[in-house]
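The values are calculated or read from the model by the stated rules, or taken from the named source; none is laboratory data. Every value quoted in this text rests on a predicted model; they were computed, and no experiment measured them. With ideal geometry, Cβ positions are generated from the backbone for all residues, glycine too; neighbour counts draw on all protein chains shown.
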Amino acid sequence: MSAPSEERTTAAAPDTSAGPRAPVRRRRRRLRTMTTRDRIVVALLLGIPLLLDLAFVWFPAIGTVLLSFTKWNGVGSLHSKTCVPNMPSILNNGCWFGVQNYHQAATLDPSFWPAVRHNVIWLAVFVVIATPLGMLFAVLLDRGLRGTRIYQSLLFLPVMLSLALIGIIWEFVYSQNYGLINTVIGRNGNSNAIDWLGDPHLNLWAVLVEATWRQAGYVMVLYLAGLKAVDPTLREAALMDGANPWQTFWRVVFPVMRPINIVIMVVTVIESLRAFDLVYITNKGINGLELLSVLVTSNIVGETQRVGFGSALGVVLLVISLVPISIFLYQTFRREEAP
Amino acid sequence: MSDVESTGSAAPDSTTASGPLSASRRNLLKGVAGAAGLAAAGGLLTACGGGGSSDKKGGGSSGKSVAGSTVTFGSNYSDPSAKAAFAALTSGATTSTKVKVKINTVDHNTFQDNITSYLQGTPDDLFTWFAGYRMQYFAAQGLAQQIDDVWDKIGANFSPAAKKLSTGLDGHQYLVPIYNYPWVVFYNKSEFAKRNYSVPTTWDEYIALAKKMKSDGLIPFAFADKDGWPALGTFDILNMRINGYDYHIKLMKHEVPWTDQGVHTVFQHWAELMPYLQTGANGRVWQDAAKALEQKQAGMMFQGTNQVAAQYVTDKADLDDLDFFTFPAINPQWGQDYMDAPTDGFMLSKKAKNTDAAKAILEYIGTGPAESAYLKTDQWDVGLVKGLQVPTYNAIQKKSVTEIGKCKAVAQFMDRDSDPAMADAMIKICQSFIEDPSTSNIAKLQQSAEKQAKAIYS
Amino acid sequence: MSTEALARPAAPSAARSGGPGSKPKAWGQVASQAFLIIASVLWVLPILFALYVAVRPYSDTRKYGYVSMPHHITFDNFRDAWTQSDMLHFFWNSVLITVPAVVIVLVLASGVAFVLTRVNVRVNVALLIVFTAGNLLPQQVIITPLYRIYLKIHLPGFLSHSGLMYNSIFGLVVINVAFQMGFCVFVLSNYMRSIPGEMYEAALVDGASLWTRFWRLTVPLCRPALAALATLLTTWIYNDFFWAITLMSSGDKRPVTSALANLQGQFVSNQNMIAAAAMIAAIPTLVVYLCLQRQFIAGLSLGSSKG
């Protein structure tokens, strides 16, 4: 759950010491001139966390890719023989399956394409509704109206809550026979109740409302931080030229915030790919609430495990995620090379 | 008591239990490790690998050598009432065998979801589980220990059907049953009396009654399927009524394709029932459907006694008013000969630390007094010991015993009779069906079920 | 710069201009105010509604539904939820997971950030990318092998009741540390870059070793960032749901947030108790929110400002 975004590198701490060279270089000590003790310290400070990260994040990520080519139910060991076709699955276990998992996902599993579709819808709603809404809140709050602190606190409150909690809270709003919505609009009888969370045509949108409720506050705060860092002189100049607030924002502020805009978009995409908790707590991700993340989980947390198949779905998720991740990394670290 | 001729998931067939899978689960990516031993030949397989060496700890033990030790018991009886009954059972076990029992209760569904990792990790000595293919599947993976020696002692207490339920694919016993309960149609006696309804015994009467209820302003059938599994019961009973027991069991093991005409007929009957089932089922948990029955908003509900009667007690509704009848006959060839009556029981994990004491506990559990101890506070399940008369049985339980006894054969419920992955697939298919019970959708769903079954079963 | 984001008071921003054209501005202001008021009310409504359900007894809502005038107001649901579900135990589990995880992550991440910004290791940027990207992956991508790994690693008894990394508090701490590391490294390295170089030169002149430069010099200067990150991490790790439900099977070892899922099953007949339990579970985050909102937001801004 990272929210890294970026702002243009403003001037680093003023470097009063004379020197045409970039301050950064002067501060770096070359490894060669360090004492042995120092070198050990470096090794430990860097090595232990690196080891942790590699062992528990990257090694599993690669493992997912490898496992996706096997068929395994989690019991017994893996071996490198190829699975024998047309044999009962109890015997065909822990074997090499080639790309069959992917093939099955795409052609056989009735949840795969709905899950992909739902992920796309989730992403679209975030990009088109949740994030712009958050940006709108930020812009309005930035105007410094009275009561800004209260508005900000209230709009931001959902971000503090766990997504599982959000799912539970909203179940009271959406309950068929007793909930807030159905009672208020008078559709809570036994025959005319709207089944917000059970109707596969409706429930994804119902859950997306919950997700937007939270995401908007999140984006709002990020954007607000960026807005506050915009050079005030730009705005004053625009106002002196007679621009109204609307024009000031779109013509002057928005373009200047381009780096932040990009990063917020990337964060939005990543957050939408991570959607899991809400759907899982609502109905474990079935019947209209399928998502790739839930499909992965239900294939390993469950009575029967289909480790290979679940891994294949994980790889699909990984490949999709790599796109925004790469954009973010490129965006962020491009500046590293050009200090 | 009941001569429950239950056939769990029938005789071992060509899927052999594989001993090598129970061999060490280390060597994650190392070589073949006994894969060559996976005999594809059919027939019984006497246990190789871990299974045969049950004499590691000297077979079934008497109580004296294990007194004072502690056995851990993993339990998914997380509902307060089930928890209390289970505690009564274990304290009775302690009194009888002098073995202390430490219970580890996990939420009901969580326990089932995590069973594979639980059994491979550090499981308790004993654990609660279900009979049927669901048990055989895990036994075949080498995750449970044989308890033939326990059954040598308790076998006389049970009917052959009960023993068969507890037998794995390799012919050895792995489970000691504790109770079972029937799936039947519930109704409130006072409502039926008030409105002059009579209990239907044929399909046509059933539909006619539903129609009458609807015109009287009642919901004919309370119905909920948010969890996915309740609807499987409807499929099961319709299948057994229309196509018979053998067909049903064959379908569960994918010896009959899901695209078969018989399956189509089942769905068609279900579609006939749909207008009378409570709407919005996919968003409703069964507890809320039971509440509709309690509050007399609904006329009938088809579910297990374990659930509906329990809910009546939890909600402090009028249990005396509750009654049930067996699902009506559809095909005169089969009448009302079959039903789902799932059995719960206990198993011994492969990695048990205190096997002797655990077996002593199991020996106790497989007796009349033990079942009575459990059922004393349980107002809806019934025991399996032959001739068991528990004095605390209420009307529902007494009737359950009779009704189960009348059956020629009893199934375990779809999610215990078929491969768990297949049950999962059927859960989704039934939910789709509930959304759209049209004929074209039925054909589509059958195709999907068959495709998935092929992938799962081979 | 990043420190400015922390120190910036909540003063009206420069967007409020005293420019001409008051009429269109007033219109805009009124519209904005109205919009914000409506949005805020809508935003807080679900939480208030759940709270309302939680303070009403089950008999009330069963008869009249959730949307009805209260006939009784009671705190019994809270008391029952607390005692019947053993919530104290779950809270303690959360503490056992969150506190060590936050401390360890911050210590390790500051070490890495220091090395990557102050020591010229040739692959600095590459390592930074490795760390950052690790945090951006969805959790589900790594769960399948991680789950198997956890089942294989044996731990001594004092670290884990189950003897394995699976189903142990230690295991949850480790994965949270590994997973959150990237973000903290990223933020802290940005922050450390802003520390002026003269300080280090002065220290070097005094003969300070690398460790001293790190522990005595850098870390104290990073206190604002560390405080902000601590706030963020506490909330995130406390709110974590996924790791707990996949890597922890024992109901009684689970932290509060995932235990709620169990409670949903346990109290399915009494939704008011679930509402009460949910409210109780939300209290720590609300406390953080009320007391440390500034730090929290500063932490997010830190992640968003680079300089």
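Inside segment A:170-281, counting only helices (runs of 4 or more DSSP H) that do not spill past its ends, which hold 3 or more residues that are under 20 Å from C:W236 (Cα atoms) and assigned by TED's automatic domain parsing to the domain that holds A:V127?
Answer list for segment A:170-281: A:203-228, A:258-273.
Give just the number: which of (1) touching a helix residue (DSSP H, G or I) at 6+ places or on another chain (Cβ under 7 Å); (2) within 30 Å of C:A298 (Cβ to Cβ); (3) without any contact (Cβ under 8 Å) to a residue 40 or more places away in the chain; (4) more than 7 Å from chain A (Cβ to nearest Cβ) does C:R223 not satisfy?
So C:R223 meets the others, but not (1).
Being out of contact with any helix residue (DSSP H, G or I) (no Cβ under 9 Å at 6 or more places or on another chain) and under 21 Å from B:D113 (Cα atoms) is the filter here; which residues of segment C:144-176 pass it?
Across segment C:144-176, the qualifying residues are C:K152, C:G163.
Enumerate the pairs (first residue in segment B:68-84 and hydrophobic (A, V, I, L, M, F, W, C); second residue anywhere and in a helix (DSSP H, G or I)) with beta-carbon separation below 7 Å, excluding pairs fewer than 6 apart on the same chain, so at least 6 apart or on different chains.
B:V71/B:A357; B:V71/B:A358; B:V71/B:I361; B:F73/B:T90
Count, please, the residues in segment C:254-298 that happen to be more than 9 Å from chain A (Cβ to nearest Cβ), surrounded by 24 or more Cβ atoms within 10 Å (Cβ to Cβ) and closer than 20 Å to C:N176 by Cα.
3
Condition first: within 14 Å of chain B (Cβ to nearest Cβ) and touching a residue at least 12 places away in the same chain (Cβ under 8 Å). Can you find one or more residues in segment A:206-214 that meet it?
So far as segment A:206-214 goes, yes, one or more of its residues are within 14 Å of chain B (Cβ to nearest Cβ) and touching a residue at least 12 places away in the same chain (Cβ under 8 Å).
Which residue out of B:A144, B:A156 is under 20 Å from the mean Cα position of the chain (by Cα) and among the hydrophobic types (A, V, I, L, M, F, W, C)?
From the options B:A144, B:A156, the qualifying one is B:A144.
Would you call A:L45 surrounded by 23 or more Cβ atoms within 10 Å (Cβ to Cβ) and in contact with a strand residue (DSSP E or B) (Cβ under 8 Å, 6 or more places away or on another chain)?
no
Of the conditions (1) over 20 Å from B:I404 (Cα atoms); (2) touching a residue at least 60 places away in the same chain (Cβ under 8 Å); (3) of a type in the set (A, V, I, L, M); (4) in a helix (DSSP H, G or I), B:M347 satisfies every one except a single condition; which number is it?
Exception for B:M347: condition (4).
Report the residue count in segment C:187-199 for those that are within 8 Å of chain A (Cβ to nearest Cβ) and either over 15 Å from C:A109 (Cβ atoms) or not in a helix (DSSP H, G or I) (or both).
5
Given the structure, is B:Y137 within 14 Å of chain C (Cβ to nearest Cβ), crowded, with 21+ Cβ neighbours inside 10 Å and of a type in the set (F, W, Y)?
So B:Y137 does not fit the description; no.
If I ask for residues that are touching a residue at least 40 places away in the same chain (Cβ under 8 Å), surrounded by fewer than 23 Cβ atoms within 10 Å (Cβ to Cβ) and not in a loop (DSSP other than H, G, I, E, B), which ones from segment B:250-266 would you list?
Listed by number, the list holds a single entry, B:H264.
Could you tell me whether any residue of segment A:309-330 is touching a residue at least 24 places away in the same chain (Cβ under 8 Å) and either at positive phi or basic (K, R) (or both)?
Scanning segment A:309-330, I find no residue that is touching a residue at least 24 places away in the same chain (Cβ under 8 Å) and either at positive phi or basic (K, R) (or both), so the answer is no.
Conditions: (1) buried (at least 24 other Cβ atoms within 10 Å of the Cβ); (2) over 19 Å from A:G134 (Cβ atoms); (3) away from chain B (no Cβ under 11 Å). A:F309 meets all but one. Number of the miss?
Of everything listed in (1) buried (at least 24 other Cβ atoms within 10 Å of the Cβ); (2) over 19 Å from A:G134 (Cβ atoms); (3) away from chain B (no Cβ under 11 Å), A:F309 misses just condition (3).
Would you check which residues across segment B:433-447 are closer than 21 Å to A:K284 by Cα and buried (at least 19 other Cβ atoms within 10 Å of the Cβ) and list them?
Result: B:F433, B:I434.
Do we have any residue at all in segment B:270-282 that's within 28 Å of B:G405 (Cα to Cα), among the hydroxyl-bearing types (S, T, Y) and in contact (Cβ under 8 Å) with a residue 60 or more places away in the chain?
Checking segment B:270-282: not a single residue is within 28 Å of B:G405 (Cα to Cα), among the hydroxyl-bearing types (S, T, Y) and in contact (Cβ under 8 Å) with a residue 60 or more places away in the chain.
Give the residue that is nearest to the other protein chains (Cβ to nearest Cβ), with candidates limited to residues of segment B:155-172 that are closer than 13 Å to B:G366 by Cα and surrounded by 24 or more Cβ atoms within 10 Å (Cβ to Cβ).
Of everything passing the filter in segment B:155-172, B:S166 is nearest to the other protein chains (Cβ to nearest Cβ).
Residue under question is B:G68, and the condition is that it be assigned to a loop (DSSP other than H, G, I, E, B), at pLDDT 80 or above, surrounded by fewer than 24 Cβ atoms within 10 Å (Cβ to Cβ) and more than 25 Å from the chain's Cα centre (by Cα); does it hold?
Yes, satisfied.
Show the residue pairs that are 6+ apart or on different chains and have beta-carbon atoms under 6 Å apart, the first residue being within segment C:178-204 and in contact (Cβ under 8 Å) with a residue 12 or more places away in the chain, the second being aromatic (F, W, Y).
These pairs meet every condition: C:A178/A:F56; C:G182/C:F131; C:V185/C:F131.
Can we say A:I300 is among the aliphatic types (A, V, I, L, M) and out of contact with any Ser or Thr (no Cβ under 6 Å at 6 or more places or on another chain)?
no
Here are C:P100, C:P145, C:P138: which of them is in the same structural domain as C:S249 (by TED's automatic domain parsing), touching a Gly at 6+ places or on another chain (Cβ under 6 Å) and surrounded by 15 or more Cβ atoms within 10 Å (Cβ to Cβ)? Break it down into steps so the answer makes sense when it comes.
Values: C:P100 fails: touching a Gly at 6+ places or on another chain (Cβ under 6 Å); C:P138 fails: touching a Gly at 6+ places or on another chain (Cβ under 6 Å).
Of the residues listed, the single one that is in the same structural domain as C:S249 (by TED's automatic domain parsing), touching a Gly at 6+ places or on another chain (Cβ under 6 Å) and surrounded by 15 or more Cβ atoms within 10 Å (Cβ to Cβ) is C:P145.
Can you tell which of A:A130, A:A138, A:A105, A:A164 is crowded, with 18+ Cβ neighbours inside 10 Å, among the small types (G, A, S) and facing chain C (nearest Cβ under 9 Å)? Explain how you work it out, then say what you get.
On the way: A:A130 fails: facing chain C (nearest Cβ under 9 Å); A:A138 fails: facing chain C (nearest Cβ under 9 Å); A:A105 fails: facing chain C (nearest Cβ under 9 Å).
The conditions single out A:A164.
Of all residues in segment C:116-137, how many are more than 7 Å from chain A (Cβ to nearest Cβ) and basic (K, R)?
Going through segment C:116-137 one residue at a time, the tally reaches 1.
For a quick check of your reading of the model, give me the residue pairs whose first member lies in segment C:26-55 and is touching a residue at least 12 places away in the same chain (Cβ under 8 Å), whose second is among the hydroxyl-bearing types (S, T, Y) and in a helix (DSSP H, G or I), with beta-carbon atoms closer than 8 Å and at least 6 apart or on different chains.
Pairs found: C:V53/C:T61.
Name the residues in segment A:212-256 that are of a type in the set (G, A, S) and either within 31 Å of the chain's Cα centre (by Cα) or surrounded by 20 or more Cβ atoms within 10 Å (Cβ to Cβ) (or both), would you?
A:A216, A:G217, A:A225, A:G226, A:A229, A:A238
One line per residue, one yes/no per condition, for (1) within 16 Å of C:V105 (Cα to Cα); (2) not in a helix (DSSP H, G or I):
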| residue | (1), (2) |
| --- | --- |
| C:V185 | yes, no |
| C:E201 | no, no |
| C:A208 | no, yes |
| C:L217 | no, no |
| C:A225 | yes, no |
| C:T231 | yes, no |
| C:W236 | yes, no |
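Checking A:A115 against (1) surrounded by fewer than 20 Cβ atoms within 10 Å (Cβ to Cβ); (2) assigned to a helix (DSSP H, G or I); (3) within 13 Å of another protein chain (Cβ to nearest Cβ), only one condition comes out false. Which one?
Evaluating A:A115 over (1) surrounded by fewer than 20 Cβ atoms within 10 Å (Cβ to Cβ); (2) assigned to a helix (DSSP H, G or I); (3) within 13 Å of another protein chain (Cβ to nearest Cβ) leaves (1) as the failure.
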